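Read the structure below first, then the notes.
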Amino acid sequence: MTHYETLGVSVRAGTDEIRAAYRDRLLRFRDLAGSPQAPDPLLLDRLREAYAVLVDPVQRTAYDATLDQPAAPPPVPPAVRSSGAGDGAVAHGFRFVGEGGAYFRIWIVNLCLSIVTLGIYSAWAKVRREQYFHRNLLFNDSAFDYHGKPQAILKGRAIAFALFLVLSLAQEAGPLPYLLALLVIAIVAPALLIRALRFRAANTSYRSLRFSFEAAYATAFKVLALNLLITVLTLGLWFPKLVRDWRKFTVEHSRFGTTAFTCTLGVGQVYRIFLIPLALFFVLAIVIGIAGLKGGGLFVILLGIGFYLLAPAYVMGRLTNAVWSSSALGEHRFSSDIPVRRYVGVALTNWLGIICTLGLFIPWAQVRMARLRAAHLTLHAVGSLDDFVAREHEQVSALGDAAADVFDMDLAL
């Protein structure tokens, strides 16, 4: 293998991309140490040698001169020709390589320190959690990364807590102050959510190239506030439209480098997803009513719990497939083919594991779900992915990096 193949970069890779690739592989080497998937220990020596040569301009020039021909593109996971994503498209899969035991050690420390500090450490806990899941998600043999700062997350949570406190005090003061507080929050919430989405996107990177999110306040207000109001007025019948508009909004205002994502998810697709759970809900209501009249209290409880656990998993599994399969990054299309029965089965066993272990199974549950989603997610790439990333690096460098301006606040837990 050439040094370029060892690091998984093209012969045209810049120094920043080489540094990022080296860091990604070191992180993967560390995270997999001691596991059955651990790389060959000799790989660490090859990585260090390749990095030392390629980041030094003099050594790199001399090394390139020894190559009989341009280095081959970096090795990638097995790819197959895709018949559904356009002529010439090649399907590249995602992989999640995290382990439940490794994440449990992070999770239990995060939980204990968050309790001891009365929740203050939760911001640092989120950074550790996000870094673990990002750095163990691989695409084209390179990992994603997360760069969020705990101080910014803590700032966002302080604002969210302040809004919740104001709403609680207004509710105690009476109906009119409570309605006014709700109105103020409805006006402010879209702006806060935009900033939170900008924060998350700008702090996510792949091969040292960051994502971004930009949206106008008026668009966010229409998607959130107006759709939510109509949903309430229609007794929930508008809810699938709200879900569709929100998913489409978050995808279509995101970018990777300078390339925008697109989403063609239709309203009818989402209504069809909700149709079966809605029908089951009405049938369940009738059955519960009949069983209640006949004294079948335990039966009613079991039915209610089963619906509560399975319906959201069914909706989420189908919705994940629909959203990804309707999305694209420039000319490169995504697809997701998670078997819904398997998704529901994993969700159900996760719930049972969490209940039986009094919550200690949560890390394994999250890892299992991340692995399932990644294993069934595919990018159908048109042309070379290395060339695409290299062009994006050049365009971002030409435009200048203003990402630091949006590293300000995160509201999400």
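Being of a type in the set (G, A, S) and either farther than 17 Å from A202 by Cα or touching a Lys or Arg at 6+ places or on another chain (Cβ under 6 Å) (or both) is the filter; apply it to the range 134-170 and report the residue that is surrounded by the fewest Cβ atoms within 10 Å (Cβ to Cβ).
Restricting to residues being of a type in the set (G, A, S) and either farther than 17 Å from A202 by Cα or touching a Lys or Arg at 6+ places or on another chain (Cβ under 6 Å) (or both), the top hit is A162.
Looking at L303, L360, which is the one that is modelled with pLDDT under 90 and over 25 Å from T262 (Cβ atoms)? Steps first, please.
Working: L360 fails: modelled with pLDDT under 90.
Step by step, each of L303, L360 is checked, and only L303 is modelled with pLDDT under 90 and over 25 Å from T262 (Cβ atoms).
Do you know which residues across the range 326-376 are charged (D, E, K, R) and farther than 25 Å from V270 by Cα? Before the answer, list the steps.
Let us first name the residues in the range 326-376 that are charged (D, E, K, R), namely 331, 333, 337, 341-342, 368, 371, 373.
Of everything in the range 326-376, just one residue is charged (D, E, K, R) and farther than 25 Å from V270 by Cα, namely R368.
Report, by residue number, each residue of the range 47-69 that is at pLDDT 50 or above and either surrounded by 15 or more Cβ atoms within 10 Å (Cβ to Cβ) or in a loop (DSSP other than H, G, I, E, B) (or both).
L47, A50, Y51, V53, L54, V55, D56, R60, Y63, D64, L67, D68
Which condition does L265 not pass, out of (1) among the aliphatic types (A, V, I, L, M); (2) in contact (Cβ under 8 Å) with a residue 60 or more places away in the chain; (3) open to solvent by 50 Å² or more (accessible area, probe 1.4 Å), if it passes all the others?
(3)
Give me the pairs, please: first residue somewhere in the range 97-121 and touching a residue at least 24 places away in the same chain (Cβ under 8 Å) and under 14 Å from A365 (Cβ atoms), second residue anywhere and outside any loop (DSSP other than H, G, I, E, B) and open to solvent by 60 Å² or more (accessible area, probe 1.4 Å), beta-carbon distance under 6 Å, and either six or more positions apart or on two chains.
As it stands, the answer is G100/W364, since those pairs meet every condition given.
Identify, please: which residue in the range 87-98 is among the small types (G, A, S) and open to solvent by less than 40 Å² (accessible area, probe 1.4 Å) and is, among those, modelled with the lowest pLDDT?
So, considering only residues that are among the small types (G, A, S) and open to solvent by less than 40 Å² (accessible area, probe 1.4 Å), the one modelled with the lowest pLDDT is A89.
Exactly one of these conditions fails for G101: (1) modelled with pLDDT of 90 or more; (2) crowded, with 17+ Cβ neighbours inside 10 Å; (3) under 30 Å from T6 (Cα atoms). Give me its number.
That leaves (2) as the condition not met.
In the range 18-29, what residues are open to solvent by less than 10 Å² (accessible area, probe 1.4 Å) and modelled with pLDDT of 80 or more?
Answer for the range 18-29, where residues must be open to solvent by less than 10 Å² (accessible area, probe 1.4 Å) and modelled with pLDDT of 80 or more: I18, A21.
Output yes when any residue across the range 207-215 is under 24 Å from the mean Cα position of the chain (by Cα) and surrounded by fewer than 17 Cβ atoms within 10 Å (Cβ to Cβ), and no when none is. Write out each step before concluding.
Residues of the range 207-215 that are under 24 Å from the mean Cα position of the chain (by Cα), as a first pass: 207-215.
The next check asks that each one be surrounded by fewer than 17 Cβ atoms within 10 Å (Cβ to Cβ); those that pass are 214.
Yes, the conditions are met somewhere in the range 207-215.
If we keep just the residues of the range 3-16 that are part of a loop (DSSP other than H, G, I, E, B) and open to solvent by 30 Å² or more (accessible area, probe 1.4 Å), which is nearest to Y63 (Cα to Cα)?
By that ranking, first place goes to V11.
Anything in the range 106-130 that is under 15 Å from R157 (Cα atoms) and open to solvent by 40 Å² or more (accessible area, probe 1.4 Å)? List them, or say none.
T117, L118, I120, Y121, W124
Quick one: what pairs do we get from the range 201-219, first residue under 21 Å from D245 (Cβ atoms) and without any contact (Cβ under 8 Å) to a residue 24 or more places away in the chain, second of a type in the set (D, E) and in a helix (DSSP H, G or I), C-beta under 6 Å, 6+ apart or different chains?
none
Given the range 317-390, what strands (runs of 3 or more DSSP E) lie entirely inside it while holding 1 or more residues that are of a type in the set (V, I, T) and either touching a His at 6+ places or on another chain (Cβ under 6 Å) or open to solvent by 20 Å² or more (accessible area, probe 1.4 Å) (or both)?
Qualifying strands (runs of 3 or more DSSP E): 377-382.
Checking the conditions here, which among Q171, Q151, Q131 is free of Cβ contacts under 8 Å to residues at least 40 places away in the same chain and under 22 Å from Q366 (Cα atoms)?
From the options Q171, Q151, Q131, the qualifying one is Q131.
Looking at A72, is it in a helix (DSSP H, G or I), closer than 27 Å to G330 by Cα and modelled with pLDDT under 80?
Spelling it out, it is not the case that A72 is in a helix (DSSP H, G or I), closer than 27 Å to G330 by Cα and modelled with pLDDT under 80.
The values are calculated or read from the model by the stated rules, or taken from the named source; none is laboratory data. As the structure is a prediction and not an experimental result, all values here were calculated from the model. In this analysis, Cβ positions are derived from the backbone assuming ideal geometry, glycine residues included, and neighbour counts consider all displayed protein chains. These area figures cover heavy atoms from the full protein model, side chains too; ligands, DNA and RNA do not enter into them. Shrake-Rupley method; radii C 1.70, N 1.55, O 1.52, S 1.80 Å.
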